[in-house]
Amino acid sequence: MIRHLFKLIWNRKRANALVISEIFVCFLVLFAVLTQILYNVSNYRKPLGFAYANVSGLNLRLQDNEGGRQTSLTGSAAMSEPVAENPYQDRQRALLQVVKADPAVEDAAWAAPLPMSHSNETRSLMFRKHRVRYSMARCTDEYKDVMGIEITRGRWFSPEDDGGGYEAMVITEALARLAFGDEDPVGKSFTADRSESGEPLPEKRVVGVMGAFRQEGEMDAQDVYALSRLEYSGRPMSSIDGMALRLKPGSDASVEARITASLLAAAPDFSFRMEPLEAAAEFNRRAFMAPIALFGVVALFLTFMVALGLSGVLWQSVTSRIREIGVRRAMGASAQDVRWQVIGELLVMSTIAILAGVVVVLQFPFLDLLGAMSRGVFVAGLSLTIVSLYGLALVCALHPARLATTVHPAEALRYE
């Protein structure tokens, strides 16, 4: 039977080649959309690593009186020669105390980049003879309580790290696996193997491990992350211009205005912008989903057009082959046999197109084009695409297959 179907398809290869091409293109588009949807669902279900409810982000900018432009916290001093210590530590401590003094603020911490900020600090280093790439943020000791970070191994930053001669770090479990494998990273150095400039490298030491930290929210795939401790006296602190505030439940815009006014009174040469992380997280979700939604609409329209095309081609094929179908019926073929012949032809053409599509998409894992996508998501997306296309082909073939059985054999034999 299959051999007979291939022969029928080959006899009408010009028309059927167009149908196969349509199914092939539809396969690629459906695969891209369904896989991306599954990928985002998979990311959404992963642990976020922090709690942003009732947390607001505060950004500070120093107004440059000469140029009228806004710069970072360091102002024009950022363009001068690097200093060994932070000349702004007293002011930073004072601003933090102003924020904490507000009755609606439960806790606050300096940090940069802030969650949901679309700002990313990345590092790439040779560690234990293999390349490790990760994202990171810098923060003060209060950050754990502000963001609700869960420590799975080791400890959080503490004053015991002051003056230790190392940069204390808390890394995610994903980064721990990438850098240290099955070894416990707590207490171990995370310093690069060598310096490209030849200068001695300051030691980075892992003091704890957190479950996860996906900076841009639930849709963010980046889980290889590190938090580095800020010391007020250290030079890195001089460039920090972000603060995370945990507010009491029920705090509204009046609280934001009051905190901003207090900060302006304490530092009139600064500008302040405060935004709830929940609003930023919602914006991020929309930003992540907007291109997928657009691509999904295009895929839905393409699938609808392919469905119309398949139904039309099959209907035309059945109409032009009434005599052939009549001969089969006259020779004893049942209506069900004829119906399955029409359906089988489309399923065989779909199989040819799907096999071609599978050959194309299977190159992605071999060429390392999956990126952060897991093989499980890739296989699930491929399987769902195959099932969807076979379902579409079956639905498109049902009506033409029914039409093929409505003509009486005697009338079909008299058809001219």
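The values are calculated or read from the model by the stated rules, or taken from the named source; none is laboratory data. Remember, it's a predicted structure, so these values are computed and weren't measured experimentally. Neighbour counts are summed over all protein chains in view; Cβ atoms, including those assigned to glycine, are modelled from backbone coordinates with ideal geometry.
List, please: which pairs have Cβ atoms under 7 Å, are six or more places apart or on different chains, and start with a residue in segment 145-160 that is on the phi < 0 side of the Ramachandran plot and end with one that is assigned to a helix (DSSP H, G or I)? Matching pairs, first to second residue: THR152/GLU173; TRP156/LYS144. In segment 303-311, is there at least one residue being surrounded by 13 or more Cβ atoms within 10 Å (Cβ to Cβ) and either charged (D, E, K, R) or not in a helix (DSSP H, G or I) (or both)? Within segment 303-311, none of the residues are surrounded by 13 or more Cβ atoms within 10 Å (Cβ to Cβ) and either charged (D, E, K, R) or not in a helix (DSSP H, G or I) (or both).
Can you name the residue in segment 354-374 that is at pLDDT below 85 and in a helix (DSSP H, G or I) and is also surrounded by the most Cβ atoms within 10 Å (Cβ to Cβ) among such residues? Before the answer, list the steps.
If we filter segment 354-374 for residues that are at pLDDT below 85, which is where we start, we get 365-374.
Checking the rest, the ones that are also in a helix (DSSP H, G or I) come to 365-366.
Values: PRO365: 13, PHE366: 8.
Out of the qualifying residues, it is PRO365.
In this structure, LEU178 qualifies as closer than 18 Å to ARG131 by Cβ, of a type in the set (A, V, I, L, M, F, W, C) and touching a strand residue (DSSP E or B) at 6+ places or on another chain (Cβ under 7 Å).
Scanning segment 138-191 for residues that are within 14 Å of TYR232 (Cα to Cα), of a type in the set (S, T, N, Q) and surrounded by fewer than 18 Cβ atoms within 10 Å (Cβ to Cβ) returns a single hit, SER158. One residue alone among VAL132, VAL105 is farther than 30 Å from LYS248 by Cβ and among the β-branched types (Val, Ile, Thr), and that residue is VAL132.
Screening ALA290, ALA226, ALA279, ALA299 for residues that are within 30 Å of LEU38 (Cα to Cα), assigned to a strand (DSSP E or B) and among the small types (Gly, Ala, Ser) leaves exactly one candidate, ALA226. Scanning segment 248-260 for residues that are surrounded by fewer than 16 Cβ atoms within 10 Å (Cβ to Cβ) and within 11 Å of MET274 (Cβ to Cβ) yields ALA253, ALA257, ARG258, THR260. Within segment 23-56, the set of residues being modelled with pLDDT under 90, surrounded by 22 or more Cβ atoms within 10 Å (Cβ to Cβ) and more than 24 Å from ALA372 (Cα to Cα) comprises ILE23, CYS26.
For segment 371-403, a residue qualifies if it is within 29 Å of the chain's Cα centre (by Cα) and small (Gly, Ala, Ser), and the qualifying residues are GLY371, ALA372, SER374, GLY376, ALA380, GLY381, SER383, SER388, GLY391. Go through the residues of segment 232-247 one by one and say whether even a single one is in a strand (DSSP E or B), surrounded by fewer than 19 Cβ atoms within 10 Å (Cβ to Cβ) and in contact with an Asp or Glu (Cβ under 8 Å, 6 or more places away or on another chain). Yes, the conditions are met somewhere in segment 232-247.
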